[in-house]
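Here the structure comes first, spelled out in structure tokens, and everything after it is commentary.
The values are calculated or read from the model by the stated rules, or taken from the named source; none is laboratory data. Just so it is clear, the model here is predicted, and its values are computed rather than measured. Note: ideal-geometry Cβ built from the backbone for every residue, glycine included; neighbour counts use all protein chains shown. Calculation scope for accessible area: heavy atoms of the full protein, side chains included, ligands and nucleic acids excluded. Shrake-Rupley method; radii C 1.70, N 1.55, O 1.52, S 1.80 Å.
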Amino acid sequence: MLKKILLALTIVWTLTFSNLSAASTITVGQTRILGTNDNGNGNLLVAQRVTLTQTATLQSLSFYVSNASGRLQLGVYSNASGNPKSLLVLTPPFTPVVGWNTQTVQPTVLTPGTYWLAYLPESDNLGFKMTRSGVARYFTHTFGSMPSSFSA
């Protein structure tokens, strides 16, 4: 069941893109370490809404971990009517470490628009930093691989 978080979470992570028209790098999402500790999201697929303003090729996903535990998977979903829809790209499951965890992905061209950064932790003890702002969606999903469609 899809739940709207009343006080939505902004998770600390970024997407790194290679600009198609120049050799520069841009990021989307949070690039600073936020102040509030959070955990307890094991087996929850959580997605945060972001906006991309130019066409770019996605190269990596990063997630900041304050307490490493279990495995983690990151991905990007398309947008449909203000909700996450179809899985566009994902990382293999990996064992996170404390600090920034950057995973390369298959280069994926994204056009300007709204996307959903998603994370799926295996353990409730995985800790990260957040703030109560932005828009997020989540549902219970057993750790393994992200589903091709985000649950409605």
Requested in this report: Within segment 112-125, track down each residue that is under 16 Å from Asn39 (Cβ atoms) and part of a strand (DSSP E or B).
Outcome: Tyr119, Leu120, Pro121
Query raised in the report: Looking at segment 38-68, which of its residues are under 18 Å from Val97 (Cα atoms) and open to solvent by 30 Å² or more (accessible area, probe 1.4 Å)?
Result: Asp38, Asn39, Gly40, Tyr64, Ser66, Asn67, Ala68
**Report entry** Count of segment 57-92 residues which are within 16 Å of Ser151 (Cβ to Cβ) and part of a loop (DSSP other than H, G, I, E, B)
**Finding:** 2
Requested in this report: Just name the residue that is farthest from Thr36 (Cα to Cα) out of those in segment 126-137 that are modelled with pLDDT of 75 or more and surrounded by fewer than 22 Cβ atoms within 10 Å (Cβ to Cβ).
Outcome: Val135
Report summary line: Exception for Thr91 within (1) exposed (fewer than 14 other Cβ atoms within 10 Å of the Cβ); (2) free of Cβ contacts under 8 Å to residues at least 60 places away in the same chain falls at (1)
Report task. Please tell me if Val109 is open to solvent by less than 50 Å² (accessible area, probe 1.4 Å), modelled with pLDDT under 95 and either within 23 Å of Thr36 (Cβ to Cβ) or in a strand (DSSP E or B) (or both). Result -> no
